[in-house]
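Quick note: the coordinates plus some simple rules give every number you see, no bench work behind them. Just so you know, these numbers come straight off a predicted model, no measurement behind them. With ideal geometry, Cβ positions are generated from the backbone for all residues, glycine too; neighbour counts draw on all protein chains shown.
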Amino acid sequence: MSTSPVRTGIVGCGMVAVEYAQTLAAANGIELGVCADLDGARAQSFADRHRITAVPVDHALDPATLDLALILTPPSTHAALARQAIAAGLRAVWIEKPFTTDPEDATALLQLAQRTNMLIGVAPDTMLGTAIQTASEALKQNLVGDVLSATASLFSTGPEGWHPSPEPFYSEHVGPLGDMGPYYLTALDYLLGPLHVRSAICRTRSDRRVGSGPHAGRLFTAQAPTYVTALLDTDTGTPITLITSFDAAGSRAPHLEIHGTDGTLVLPDPNAHDGQVLYLPYGQRTWTPLSPVPSSGPSSRGLGVLDLADALRKAHEPQCSAPRAERIVHLIGAIIRATAPSTTRSRIPAAP
């Protein structure tokens, strides 16, 4: 077991990288030293802000200077960069969600990492936060009884209202299902899984407009479904309804609900690490907030990276595992395939 700080670098200096850098800067046992981006000016600006060194992308995957690389680039680049990190001999890599955009790539990458003994951790890490851990503990204590059903809902206007470069969120294989679906599917798979796909409906509102930044007002075309409804179930036949939409002004629907013979749990947005979990006993009308379980770390992106660094030092598997991330990619692929009339029940790789 090593006691030296885990040397870490960031590849991809976009908006989400800022939160990761802040989390790592406040943590012990990990040292963020370099960053890289295809946009050299953006990398240098990020490096100056966080007092680290900007380097070319190849140098940010160099095991001579790094133990762990964070791949925070657009989803279509995840698989290639992860393979590059494995080929370079890096010890560990953290990949933003989704793991890959193609199920076959996810399976091949997982197998390659296992053959080379590379540790891979994959976002989201919100399942490590207090909200999902509190719900998990309630289910372990049988608070809701036998689980009868669950629902998950994301309704939003899409990222073009706040992100200055929203086009990648609408590229093929992304959209609300590829972008936000991993948060909801990971939470459901962690709490109730493994999951299977029964049927789905998708549609696309293709005309979008950039709402902020230097390109505000520019029109672009969505290549991915912007509305998805999917019917899932578990090994025990529990039905789960998932809705993800970038076509709504807003919603008051709960993000996650789990209904059982003895009561219902309502969970906050799984895009966040914390938040209140509510419980309603069957036959009652008053919702009770559950006491949150103790936090295992900061309530911010990067919590899973800290767990991965700990796994690297102590030689154990990370909690935000690549096998589960592979399952989520297969689930997303199965949902898209299920929109075809001939699609039958889709099987997903078994959970670890």
Overall dimensions of the range 114-205 as given by Cα atoms, namely Rg and Dmax in Å: 16.5, 46
Contact order relative to length of the range 2-114, as percent, for alpha carbon pairs under 8 angstrom and 6 or more apart: 25
Linear extension gain, Ser212 paired with Thr241, 0.36 nm per residue minus alpha-carbon span: 7.2 nm
Mean Cα-pair separation over length for the chain, i.e. relative contact order, pairs under 8 Å, 6 or more apart, %: 20
Selection from Tyr184, Ala17, Ser245 lying farthest towards where the dipole of the chain points positive, charges on Cβ: Ser245
Crossing angle, helix 181-192 versus the chain [Cα axis fit, 0-90 degrees, rounded to tens]: 60
Principal-axis tilt of helix 40-50 within the chain, Cα atoms, nearest 10 degrees: 80
Electrostatic dipole magnitude of the range 29-157 [Cβ: Lys, Arg +1; Asp, Glu -1; Cα centre; debye, to 20]: 140
Debye intensity ratio in log₁₀ form over the Cα atoms of the range 8-155, taken at each q of 0.09, 0.12 Å⁻¹: -0.35, -0.58
Folded to 0 to 90 degrees: helix 322-337 orientation relative to the chain principal axis, Cα: 60
Length gained when the stretch Asn142-Glu317 is fully extended (0.36 nm per residue, less Cα-Cα span): 60.3 nm
